[in-house]
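Visitor: Just passing along the structure, written as structure tokens.
The values are calculated or read from the model by the stated rules, or taken from the named source; none is laboratory data. Just so we're clear, the structure is a prediction, and the values are computed from it rather than from any experiment. All Cβ positions, even for glycine, are placed from backbone atoms using ideal geometry, and neighbour counts span all protein chains on display. Accessible surface areas use protein heavy atoms only, side chains included; no ligands, DNA or RNA. Shrake-Rupley method; radii C 1.70, N 1.55, O 1.52, S 1.80 Å.
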Amino acid sequence: MAKYIFAILVALTIIGGFLRFYGITKNPISLSIDEVAFGYNAYSILKTGRDEYGKFLPLTFKSTGDYKNPVPIYLMVPSIALFGLNEFSIRFPTALIAILTIPVFFLLFMEITGALSISLVATLLLTISPWHIYYSRYVSDHLIAGFLVVLGSLCLLKMLKTGRWFWSIGSAIFLVLSMYTY
């Protein structure tokens, strides 16, 4: 039985990955001004360790008329190093985190409900959710924050259920990171 559940979860994650990565550089048609600002700051951090205003590894990034949170920018640095400075490397971290949200969401629902069928249906709905697919296709700091909240909540519930202290550390880290994301 567990093998079938694992296979279904893997299949949902693969389907979700396809829906989120297919044509990611063509839809949306071009980078938005926020995506360009995120990408430029991530590229600057990669090359110099400083943002566009010369601050060394800042916790907030001054940008075009507003301030950007650091987590999306720091998540972009490895993808820009791997794939170069282009649309794909800028959008890659958000799409990857959107895909990782699918199995973590299943685990959270299993922890909350304890019902396999409800958890699978909820995960299927997240996998094909137009909202989740849409926001995973461009730099979306609120989608990344949502993943961190789901992960932090899962760790918190595990800590409450098992009483093991190390789950509280994971919960604290992920929930605090969510504040620096959105």
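Yes/no per residue for (1) at pLDDT 90 or above; (2) assigned to a loop (DSSP other than H, G, I, E, B); (3) open to solvent by less than 90 Å² (accessible area, probe 1.4 Å):
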position: N27; (1), (2), (3): no, yes, no
position: L31; (1), (2), (3): yes, yes, yes
position: E35; (1), (2), (3): yes, no, yes
position: Y40; (1), (2), (3): yes, no, no
position: K47; (1), (2), (3): yes, no, no
position: P58; (1), (2), (3): yes, yes, yes
position: G65; (1), (2), (3): no, yes, yes
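Visitor: Still on this model: Go through segment 84-125 and count every residue that is open to solvent by 10 Å² or more (accessible area, probe 1.4 Å), assigned to a helix (DSSP H, G or I), of a type outside the set (F, W, Y) and without any contact (Cβ under 8 Å) to a residue 40 or more places away in the chain.
Guide: 8
Visitor: Right, something else. In this structure, does Y74 turn out to be part of a helix (DSSP H, G or I), modelled with pLDDT of 95 or more and of a type in the set (F, W, Y)?
Guide: Values: part of a helix (DSSP H, G or I): yes; modelled with pLDDT of 95 or more: yes; of a type in the set (F, W, Y): yes.
When the stated conditions are applied, Y74 passes them.
Visitor: Within segment 154-161, does at least one residue satisfy the condition of being on the phi < 0 side of the Ramachandran plot, without any contact (Cβ under 8 Å) to a residue 12 or more places away in the chain, in a helix (DSSP H, G or I) and open to solvent by 20 Å² or more (accessible area, probe 1.4 Å)?
Guide: Yes, segment 154-161 has at least one match.
Visitor: Same structure again: Can you tell me which condition T64 does not meet? The list is (1) over 30 Å from L9 (Cα atoms); (2) in contact with an Asp or Glu (Cβ under 6 Å, 6 or more places away or on another chain), and all the others hold.
Guide: Evaluating T64 over (1) over 30 Å from L9 (Cα atoms); (2) in contact with an Asp or Glu (Cβ under 6 Å, 6 or more places away or on another chain) leaves (2) as the failure.
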